[in-house]
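> Pasting in a structure now, in structure tokens, and then I'll have a few things to ask.
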Amino acid sequence: YQRRVRVPMGDSEETPSEEAVDKANSLRGQAMCAMGDGNLDEALKLFGEAIELNPHAAVLFAKRSQLLLRNKKPNNAVRDAERALALNPDNALAHKCKGKAYRLLGKWEESALALAAGQKCDYDDDTQELLKTVVKPNAEKLRMARLRKESKNRERDHKDKLERIRKAKEARQKAHDEAKAREASGMGGMGGMPGGMGGMPDGMEGDIPPGMAGIFNDPEIAVLLQDPEVIQAMAAIQQNPANMMQYMNNPKVMKVVTKLQGKFAGMGGADGGMPGGMGGMP
């Protein structure tokens, strides 16, 4: 059903002459006769000629949609039906052809909507029976399946969100507990960093003034100081304060540096610099 055939659609920008309209109507009559005789290929050809002469006639597209449906070309049938409805939204035949074409394509919900629209324009018992016994039940099955899937997706997303929150809380609590433990043990340094400042190089151990460990009560900073990238950067800055320039665009490193400088400044530092040769912001 997916394969389309090439059929003329006419030039919608062109305004047909009265003579062209009359000729198109004549060709439409011939096409209807060919359909009645079962000569579907001839009918398709005649409808195409009529549409090229008068591409503004909704009835031509609706009738050809009906023909294409009989030829098992639902995609083409949908296209012609939509063109007919663009020209005349109340064309019942176009609505019903569109609905039946969607049925062949397995698009049950779209089929139900189109057939119901056609029934509003022009009710008939056959279409109503098709809607009631075939199309609507299948459309409802699809709707319920979609709702179940959406519900499962929402439930999964909610569980994932709760898990992320739980892990974040655990990380904050762990960082807080570790900072408290370091402060209680008198280390007062940046746990996990090699060498001085609780492990930073070049002998910074013991350079942190009393009360400095309080900065580690900030969970965000405590977590950052477990980051290898931050550890490496702080070690490089300790070795040579000029190295800070290469980290100016690194938000994680600069957040730690700014916090430390603020802490030292609050403790009475002359220029907000950091001890142990780390210096102030350049």
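> Leaving out ligands, DNA and RNA, what percent of the accessible area of segment 1-136 is carbon and sulfur, probe 1.4 Å? Present the calculation step by step, with values, prior to reporting the outcome.
Details: 3310 of 7280 Å².
It is 45 percent, rounded to a whole number.
> Oh, and also: What FRET efficiency comes out for the pair R6/K120, r = Cβ-Cβ distance, R0 = 35 Å, nearest 0.05?
Values: r = 33 Å, r/R0 = 0.94.
For R6 and K120, the calculated efficiency is 0.60.
> Under 12 Å from the Cα of K120, which aspartates and glutamates turn up, not counting those fewer than eight places away in the same chain?
Answer for K120, where 12 Å is the Cα cut-off: D90, listed by chain and number.
> Heavy atoms of the protein only, probe of 1.4 Å, neighbouring chains included. What is the accessible area of Y123 in Å², nearest 10?
130
> Just to be sure I understand the model, the point goes 7 Å from the Cα along the line to the Cβ. What's the resulting R156 to E109 distance in nm?
Spacing of the two 7 Å Cα→Cβ label points: 1.8 nm.
> Moving on to the next point. As a quick test, which of the pairs K45/K72; K45/K73; K23/K72; K169/K252 have an alpha carbon distance above 24 angstrom in this structure? Numbers along the way, then the final one.
On the way: K45/K72 16 Å; K45/K73 15 Å; K23/K72 28 Å; K169/K252 20 Å.
Violating the 24 Å Cα-Cα cut-off are K23/K72.
> Right, here's the next one. Note down the accessible area of C121, probe 1.4 Å, to the nearest 10 Å².
Only protein atoms counted, so the area is about 60 Å².
> Can you give me the solvent accessible area of K100 with a 1.4 Å probe, rounded to the nearest 10 Å²?
Approximately 80 Å² of K100 is accessible to the 1.4 Å probe.
> Let me ask something else about it. Using a Förster radius of 30 Å, what is the FRET efficiency between L142 and D90 based on their Cβ-Cβ separation? Nearest 0.05, please. Write out the running numbers ahead of the final one.
Values: r = 28 Å, r/R0 = 0.92.
In this case the efficiency is close to 0.60.
The values are calculated or read from the model by the stated rules, or taken from the named source; none is laboratory data. The model shown is predicted, which means the values in this text are computed figures rather than measured ones. Glycine gets a Cβ as well: all are built from the backbone with ideal geometry, and neighbour counts include every protein chain shown. Side chains are part of the model used for accessible areas, which takes the heavy atoms of the whole protein and leaves out ligands, DNA and RNA. Shrake-Rupley method; radii C 1.70, N 1.55, O 1.52, S 1.80 Å.
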